[in-house]
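Below is one structure; the comments refer to it alone.
The values are calculated or read from the model by the stated rules, or taken from the named source; none is laboratory data. Everything quoted here is computed from the prediction, not taken from an experiment. All Cβ positions, glycine included, derive from the backbone under ideal geometry; neighbour counts span all protein chains shown.
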Amino acid sequence: MRRLIFLTLSILIISGCSSTPDSVSDQALSTTSTDSQYEDSDAISELNDTEKLSLASNYLLEQDFNNVRLVLDSMEFERLVPKHQTEFGLLVVELNIKSDRPNDALIWLNGNNSYVFDNLDRKNQIRVSQWRATAWEFNGQFLAAARERIFISSILNSDQLTVNNELIWADLQFVNEDDLLRISKIDDDSDLSGWAALAYTNIKSGKDLELQVDAINKWQKLNKGHPAAKSLPGGLDLLKNLVLERPKHIGIMIPLTGPLKNSGEAIMNGFMTAYYRASATGRMFPKVTFIDTNKESDPIKAYRQLEEAGAQLVIGPLEKKNVRKLKSLNKLPIPVLTLNTTDHDLDIKPNFYQFSLNPEDEATQVAIRANQQGFHRAAILVPANSWGDRIYQAFRSQFNQTSGDVVSVVKYENAANRELIQVVRKLLNLDTSIKRAEIIESIIGENVEYEPRRRKDIDFIFVAAMPSEARQLKPLLDFQYAADIPVYGISTIFSGKVAPDLDKDIESVQFLDMPWQIQSPELKTQAYRVFGEQNVTPYNRLYAMGADIFQLYPRLKQLKFNDASRVHGYTGVLSMDLQGRIKRELSWAVITNGIAVPVKLMPDIDEQ
């Protein structure tokens, strides 16, 4: 979703440069038709350079990337006249951006051939700058992208500037807090330092809505001439109204008895921990009414009860079947934030929002991370169950979109060490190598000294496993000749407990997890103190979810109406899609000396 937003808004800025979305000269665009005859390389070779560039441009407009490459590959860049070299470079960059090849785009934008973009008119300066920023964003280098967008701001018209400011803001939501603080103190770039100061202020004050309003008002007074002070980005201009309009009575329907009692209580306790911490400021906070959905199993009846009680927002239900049933209502008079999601339908239902700790979102982010690292061939280990199937499908869907290929996938049925050895051997194709040696031995009647050879076409391994399984799989991978292959995982591989003696077995594995688990915020310490660490730890992520519900309840309108809006929560950086689903951007960590250590997505441009 994040990549789509950046690309879509960048295209809006570029299209604002001209009524014609051209990639090369206007004359070239109008001269050649994309007739199927040109798909033959012999026919293409008969065209002159102007005709080839026109043909490639038209193919690009039609999203026919294969034929664009076919045409461009028929041309010799060094022999082109300067005008055609520039048109060629613009086509190559746009092709690589639109076909999810940001690194290839950056080779042209920042490499030896970047001179072709030196003397562009305003329209193409904007185009190149937007593509460069988009490439940085695809690569996870958000500070570099923000710098680029700030650099080009001076030549944008007012409509383009509004969109560009939202993109700058969206970029800065993914910059490390320490970097934001450092940049905010740099005097030689007042625009960038001002943006960084606003982003840092937003994060640090974001756990308390009224504190956030006060902090942003103070920033505006200190930065009256800054572009963001004139028109606050990311829905920040809505915050004052959100304080006034936030619900004064919240109804929460979750299971507090029965089989899901522990999960429901963890969410409730996380919510109330955040609630009581905020209420200690002396400000007014909403009345909260709970309904136990184990006792009132009909979510529609529970919703009606809360409506009659005067609730202005309903949180829940937790069970997926109840979420589906509640969504089936023709009309929802009061908004609902469910604690699970329906199937991935595209229906937009008013007053219906969904929040869950969806593992498919994590698998998608792993695929994006792998693409940013330049990895194109994946091997996958997942459990042989419906959960594993969902993880695999989500990963593969995203990875295939970025020209990635799953070259090996093995599903394991249990965590027995003997079976896992066979699983790992199959993943690496070692079982075939071993079998081949056994056949030779049986033919010659003698033992043969050999070293099994694993497959060499694996760029990285993606593992979806519980901590106990992950702690077996990584050593087995190392022992089975795969110690040099990067291993990525989702949050389930990490227990959340500091256990270096156990987690040394997943040393060097990079994985996604929520800030609550990796950074140990003060609210987590408070929950441990109130409810007991031994009681909280097994349900840590649900406590974090409850705490984030408290952050989300007054901000749903902000997230709904502004794509660049983000809430820096305990479960991740939160945004909302068109269907009202809360999306989470998790943090990356790596096990070092048995301890989970936060890592940056990528080193940024000013660190290289």
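Structure notes:
- Of all residues making up region 475-491, the number that are of a type outside the set (D, E, K, R) and over 20 Å from residue 501 (Cα atoms): 7
- Subset of region 249-265 [assigned to a loop (DSSP other than H, G, I, E, B) and in contact with a Phe, Trp or Tyr (Cβ under 9 Å, 6 or more places away or on another chain)]: 256
- Odd one out for residue 81 among (1) at pLDDT 95 or above; (2) in contact with a helix residue (DSSP H, G or I) (Cβ under 7 Å, 6 or more places away or on another chain); (3) hydrophobic (A, V, I, L, M, F, W, C): (2)
- Residues in region 234-248 that are assigned to a loop (DSSP other than H, G, I, E, B) and either among the aliphatic types (A, V, I, L, M) or on the phi > 0 side of the Ramachandran plot (or both): 2 in all.
- Helices (runs of 4 or more DSSP H) lying entirely in region 503-608 (those with 3 or more residues that are buried (at least 16 other Cβ atoms within 10 Å of the Cβ) and among the hydrophobic types (A, V, I, L, M, F, W, C)): 522-531, 540-552
Conditions (1) at pLDDT below 95; (2) closer than 27 Å to residue 316 by Cα, marked per residue:
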| position | (1), (2) |
| --- | --- |
| 338 | no, yes |
| 354 | no, yes |
| 361 | yes, yes |
| 375 | yes, no |
| 420 | yes, no |
| 434 | yes, no |
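- Pair list, Cβ < 8 Å and 6+ apart or interchain, from region 585-608 residues that are closer than 18 Å to residue 141 by Cβ to residues that are modelled with pLDDT under 55: 585/2
- Checked against the criterion of being under 30 Å from residue 141 (Cβ atoms) and surrounded by 15 or more Cβ atoms within 10 Å (Cβ to Cβ), region 319-342 contains not a single residue that satisfies it.
- Residue that is nearest to residue 154 (Cα to Cα), among those in region 216-226 that are surrounded by fewer than 19 Cβ atoms within 10 Å (Cβ to Cβ) and not polar (S, T, N, Q): 226
- Among the residues of region 461-498, those identified as part of a helix (DSSP H, G or I), touching a residue at least 24 places away in the same chain (Cβ under 8 Å) and not polar (S, T, N, Q) are 467, 469, 470, 471, 473, 474, 475, 476, 477, 481, 482, 493.
- Candidates 314, 323 - the one that is at negative phi and either assigned to a strand (DSSP E or B) or outside the structural domain of residue 301 (by TED's automatic domain parsing) (or both): 314
- Tally, over region 291-311, of residues that are of a type in the set (A, V, I, L, M), in a loop (DSSP other than H, G, I, E, B) and surrounded by 14 or more Cβ atoms within 10 Å (Cβ to Cβ): 1
- Scope region 228-241; condition crowded, with 18+ Cβ neighbours inside 10 Å and either within 18 Å of residue 286 (Cα to Cα) or not hydrophobic (A, V, I, L, M, F, W, C) (or both); matching residues: 233, 234, 235, 239
- Of the residues in region 76-99, none is free of Cβ contacts under 8 Å to residues at least 24 places away in the same chain, of a type in the set (Gly, Ala, Ser) and either touching a Lys or Arg at 6+ places or on another chain (Cβ under 8 Å) or over 26 Å from residue 399 (Cβ atoms) (or both).
- A count restricted to region 321-366 and to residues that are under 22 Å from residue 547 (Cβ atoms) and not small (Gly, Ala, Ser) stands at 17.
- Answer from 349, 411 - the residue that is in the same structural domain as residue 581 (by TED's automatic domain parsing) and in contact (Cβ under 8 Å) with a residue 24 or more places away in the chain: 349
- Within region 58-114, helices (runs of 4 or more DSSP H) holding 3 or more residues that are out of contact with any Phe, Trp or Tyr (no Cβ under 7 Å at 6 or more places or on another chain) and over 26 Å from residue 372 (Cα atoms): 82-98
- Checked against the criterion of being under 21 Å from the mean Cα position of the chain (by Cα), crowded, with 23+ Cβ neighbours inside 10 Å and without any contact (Cβ under 8 Å) to a residue 60 or more places away in the chain, the candidates 170, 133, 199 yield just one match: 199.
- Residue within region 382-397 that is in a helix (DSSP H, G or I), more than 21 Å from the chain's Cα centre (by Cα), in the same structural domain as residue 492 (by TED's automatic domain parsing) and at negative phi present: yes
- Within region 237-265, residues that are in contact (Cβ under 8 Å) with a residue 12 or more places away in the chain have Cβ atoms under 7 Å from residues that are acidic (Asp, Glu) and not in a helix (DSSP H, G or I) in these pairs: 255/292; 256/292; 257/292, counting only partners at least 6 apart in sequence or on another chain.
- Sole exception among (1) closer than 28 Å to residue 196 by Cα; (2) surrounded by fewer than 16 Cβ atoms within 10 Å (Cβ to Cβ); (3) in contact with a helix residue (DSSP H, G or I) (Cβ under 9 Å, 6 or more places away or on another chain); (4) at pLDDT below 90 for residue 244, by number: (3)
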